Protein chains: 2
Amino acid sequence: MRIILDAFGGDNAPLAALEGARLAADKLPGLKLILAGRQEEMERCAQAHRIALDGFDFLEAPHVFKMEMEPTTILKENSDTSMAAGLKALAEGKGDAFISAGSTGALLVGATLFVKRIRGVRRAAIAAVLPTPKRPFLLLDSGANTECTAEMLENFALLGSVYMQKVVGVERPEVALVNIGTEENKGGALRQEAFARLKANGRIHFTGNIEARELPGGNCDVAVADGFTGNIVLKLFEGLSSMLLGLIKGVFTKNPITMLGAALVSKGLRGIKKQMDYSEYGGAPLLGINGIVIKAHGSSNAKAIFNAVRQAQRCAEQRVVETIKENLQP
Amino acid sequence: MRIILDAFGGDNAPLAALEGARLAADKLPGLKLILAGRQEEMERCAQAHRIALDGFDFLEAPHVFKMEMEPTTILKENSDTSMAAGLKALAEGKGDAFISAGSTGALLVGATLFVKRIRGVRRAAIAAVLPTPKRPFLLLDSGANTECTAEMLENFALLGSVYMQKVVGVERPEVALVNIGTEENKGGALRQEAFARLKANGRIHFTGNIEARELPGGNCDVAVADGFTGNIVLKLFEGLSSMLLGLIKGVFTKNPITMLGAALVSKGLRGIKKQMDYSEYGGAPLLGINGIVIKAHGSSNAKAIFNAVRQAQRCAEQRVVETIKENLQP
């Protein structure tokens, strides 16, 4: 199994990528990691932080795709970046999966144009895994497609079902449509049509509409939404969780007495932090692409990169792309 | 000042309404409260709970508008409900404001048809006040209009600005458009056009797009969204806050040691709970209606009803409806 890693994507590059790759190589057997980017800079960084690079392959790429760059420039002006090089290598069969913590937009454009979509998939979706105390759920599309058709939403439901079944091991994933009410006629024409399609599709275990209030309760395995709505849900989930956990932290670090209070509940609080930690589940797969492409969070640390590598390995082992193809056949 | 209260709306009716009304009558001077509903049942409930009813007026209405009823039936079949009676009394000038914790949909239909919209307002919006540690912000539309035009969003921005200025006392309310990126070209045609309109409107202090991640940080006074997006934000805010605060509570109530820990930080935790408590700000005003109509939360307790009465009083004192009319003139 060969996994290509964009060593220069994300806020903590290349250090987090190197540390994460080391962890993965040491812990996950049968893995060949290919690091895309400037090899010389990686070697300097590895030396400074005493990270062993043995066993890694390198894919030289002189430039880095920066967050502020226009996504479509990955095709031409910025096709010599580590992200573009990794995607092209994946398309050429030089690896079994590609991971990047860089620009989501560029990764999507690059994956769609270099690696291509699976036949029958109208648009690829970003599938974010969101944590809840009960079970994680997959939210898609979480930002790739601002405007969607009902057919696209039906597609997303299928893609998400296969992922949750194969990679997370949910036998019969429950699919819900993110909406503003549980009744069939809610949410305007788009959701009404999507509701009918999801209900009629025998390959999808559709449980109906889900209101945003119920999402943190872990009441579905796959939450289907257009990319605008999904992105709002994803970012509010992140922003509100981090704000509330920050408030709690503030209460505990106020003075010696509150710090003693914190010590008495530290185990439980660590449990909550772990429960609500996105990076536990790796990154967000780009589903519908004819290859395994994982978007790691921009602020990924070594552990998040490690988890993304493990996730990519599992996607490849479980033949996620092939299973999606089978499920899309009429 | 006469405030009409639907005594039979919400989960805790009529008890919460009676307790809240008593609190308001005792604490807020110069107030005449008019309780809509079955007077006999209110008297029985008041007697059972030793609530004095002196000073209240009654508006007899034999029926209750139930949550599962179709909103439009408030106009005919259910026009003898306490909600309909209250709205009609407001329209006839028998009160200065109306409050209900009943069905949002019916309240909106009834307000629009009985009380009517302000001239120049295309659609009324539900304006929810959301708490953040920094400052509360007004989210509108938070569910009245699933589909919106850019002109409606511009309207909402004006309505929200007047409310925040007059009722909350923000001198120059900062208005942001809820979007999936901060750049001007994000969010499809609707938000692009809305961005241009908001930017060009001299009566609105527009600060640009805001991502959902930034909303809990309290970085705007008015967050403008279509009713679908707003409803998703509102309900996820509620659901995620209550889930996280529930997790924290679970950690503390685990055993005697963790309960001691809780005791040591109890003051700070109460502070967080208060900071994140919606009912502190009253209910959600229906803005754009030619009268003051407040939707209290369905689960309102006495304190929430009291706060909604105080909010209604302030809306009337500050002549919110008249100021909106002035601001809508070309």
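The values are calculated or read from the model by the stated rules, or taken from the named source; none is laboratory data. Everything numeric here is computed off the predicted structure, so don't read it as measured data. Cβ coordinates were reconstructed from backbone atoms using ideal geometry, including for glycine residues, and neighbour counts include every protein chain displayed.
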Only one residue in A:Ile289, A:Ile257, A:Ile305, A:Ile294 is of a type in the set (Val, Ile, Thr) and surrounded by fewer than 19 Cβ atoms within 10 Å (Cβ to Cβ), so which one is that?
-> A:Ile257
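Identify the residue in region A:1-41 that is in a helix (DSSP H, G or I) and among the acidic types (Asp, Glu) and, among all such residues, is surrounded by the fewest Cβ atoms within 10 Å (Cβ to Cβ). Don't jump to the end; show me each part of the working.
Filtering region A:1-41 for residues in a helix (DSSP H, G or I) gives A:15-27, A:39-41.
If we keep only those that are among the acidic types (Asp, Glu) too, we end up with A:19, A:26, A:40-41.
Values: A:Glu19: 20, A:Asp26: 12, A:Glu40: 10, A:Glu41: 14.
So the residue we want is A:Glu40.
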What do you reckon, is A:Val265 assigned by TED's automatic domain parsing to the domain that holds A:Leu31, at negative phi and buried (at least 24 other Cβ atoms within 10 Å of the Cβ)?
-> no
Residue list for region B:186-232, restricted to those being assigned to a loop (DSSP other than H, G, I, E, B) and over 17 Å from A:Glu238 (Cβ atoms) | B:Lys186, B:Gly187, B:Asn201, B:Gly202, B:Arg203, B:Ile204, B:Cys220, B:Asp221, B:Ala225, B:Asp226
Residue by residue through region A:170-189, note down the ones that are buried (at least 20 other Cβ atoms within 10 Å of the Cβ) and touching a helix residue (DSSP H, G or I) at 6+ places or on another chain (Cβ under 7 Å).
-> A:Pro173, A:Val175, A:Leu177, A:Val178, A:Asn179, A:Ile180, A:Gly187
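Taking the options A:Lys267, A:Lys235, A:Lys254, name whichever one is within 10 Å of chain B (Cβ to nearest Cβ) and outside any helix (DSSP H, G or I).
Numbers: A:Lys267 fails: outside any helix (DSSP H, G or I); A:Lys235 fails: outside any helix (DSSP H, G or I).
None of the other options fit; the residue is A:Lys254.
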Taking region B:42-78 and keeping only residues that are surrounded by 12 or more Cβ atoms within 10 Å (Cβ to Cβ) and among the polar types (S, T, N, Q), one is left with B:Thr72, B:Thr73, B:Asn78
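Residue by residue through region A:207-220, note down the ones that are more than 7 Å from chain B (Cβ to nearest Cβ) and surrounded by fewer than 24 Cβ atoms within 10 Å (Cβ to Cβ).
Taking region A:207-220 first, the residues more than 7 Å from chain B (Cβ to nearest Cβ) are A:207-210, A:218-220.
Scanning region A:207-220 gives A:Thr207, A:Gly208, A:Asn209, A:Ile210, A:Gly218, A:Asn219.
Hand me the list of strands (runs of 3 or more DSSP E) wholly inside region B:57-169 holding 1 or more residues that are closer than 26 Å to B:Ala25 by Cβ and either out of contact with any helix residue (DSSP H, G or I) (no Cβ under 9 Å at 6 or more places or on another chain) or at pLDDT 95 or above (or both). Quick ask: steps written out before the conclusion?
Values: elements: B:57-60, B:97-100, B:128-130, B:137-140.
Filter on region B:57-169 gives B:57-60, B:97-100.
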Among the residues of region B:144-156, is any within 14 Å of chain A (Cβ to nearest Cβ), closer than 23 Å to A:Met243 by Cα and among the aliphatic types (A, V, I, L, M)?
-> no
